[in-house]
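Chemist: Have a look at this one before I ask anything.
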Amino acid sequence: MGELTLAIETSNPSSGGTPGVALGWVEGEDVRLIGEEPIGEGERHDDLLMPAIRKLMEREGFKARQLGRVVCSIGPGGYTGLRIATAAANMIALTANAKLYGVPSAWVAAQETNPAGPFAVALASKKDSSYVTVFRGDGSEPEPGRVIEADQIKGLGIRVMLGDSYLPVSFRELCAELGIEVREPSYSARACLMLAPRLRAIPVGELVPEYGREAEAVTKWRQLHPKPGRS
């Protein structure tokens, strides 16, 4: 039967797909989906995430204490959504005594969209740069994500770029010149669940968001609250 696994995906609600949660059995490399529940529209994920989890668990006839794994998409993505999702995942794993896993959101987009051949996922775009993760399309581990500018695209050796509406114009223009297809990424809790066998467990309480770069909210807070002696 395997381990009952809850997957949470709320990383990029404005970039394709539907934020939601999924439940499934994971045994070795095999994953069997039990059910899914969308979180729905709205900014108040704190009001929507836990009810969605409760509804899914009750509908499928399970209790939280039966969970063996909790998997959460950790970003890069929306600041608030990621903080709420990771906090919920830590709390549920602690309560259920379940193993905890974090999955980069670029992996979720790659699993959901799955282009043929080498491709990249661009997230956390800002001005003329993006946080880019390259996948070789051969089943190997992706390269570590990094912030790049458009002039570095040529060296990636990719055929497809998954980029949302925030992808810089400079990226789109250079991709067109190089014959690299730009596609909208998509995310789902189901795709997050399917990645469970590839992940390494982390200690409960240590799951944190991955923003790719300092979150704008943090930057603004530091600007408003400079350390003593710093102008």
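Residue-by-condition table, conditions (1) over 12 Å from the mean Cα position of the chain (by Cα); (2) open to solvent by less than 60 Å² (accessible area, probe 1.4 Å); (3) closer than 17 Å to Gly205 by Cα:
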residue	(1), (2), (3)
Pro13	no, no, no
Ile53	yes, yes, no
Ala64	yes, yes, no
Gly78	no, yes, no
Ser105	no, yes, no
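Chemist: Looking at Arg213, Arg200, Arg172, which one is part of a helix (DSSP H, G or I) and either touching a Leu at 6+ places or on another chain (Cβ under 6 Å) or open to solvent by 30 Å² or more (accessible area, probe 1.4 Å) (or both)?
Modeler: The unique qualifying residue is Arg172.
Chemist: Report, by residue number, each residue of the range 121-159 that is part of a loop (DSSP other than H, G, I, E, B), open to solvent by 30 Å² or more (accessible area, probe 1.4 Å) and touching a helix residue (DSSP H, G or I) at 6+ places or on another chain (Cβ under 8 Å).
Modeler: Asp128
Chemist: Of the conditions (1) in contact with a helix residue (DSSP H, G or I) (Cβ under 7 Å, 6 or more places away or on another chain); (2) open to solvent by less than 20 Å² (accessible area, probe 1.4 Å); (3) under 28 Å from Arg32 (Cα atoms), Ser186 fails just one. Which one is it?
Modeler: (2)
Chemist: Could you go through the range 46-59 and let me know if any residue there is modelled with pLDDT of 95 or more, under 17 Å from Cys192 (Cβ atoms) and of a type in the set (Lys, Arg).
Modeler: Checking the range 46-59: not a single residue is modelled with pLDDT of 95 or more, under 17 Å from Cys192 (Cβ atoms) and of a type in the set (Lys, Arg).
Chemist: Which one is farthest from Val21 (Cα to Cα), of the residues in the range 157-184 that are in contact with a Ser or Thr (Cβ under 6 Å, 6 or more places away or on another chain) and modelled with pLDDT under 95?
Modeler: Once the filter is applied, the top-ranked residue is Tyr166.
The values are calculated or read from the model by the stated rules, or taken from the named source; none is laboratory data. These numbers were taken from a predicted model, which means no experiment stands behind them. Cβ: placed from backbone, ideal geometry, glycine included. Neighbour counts: every protein chain shown. We work out accessible area using only protein heavy atoms, side chains counted, and drop any ligands, DNA or RNA first. Shrake-Rupley method; radii C 1.70, N 1.55, O 1.52, S 1.80 Å.
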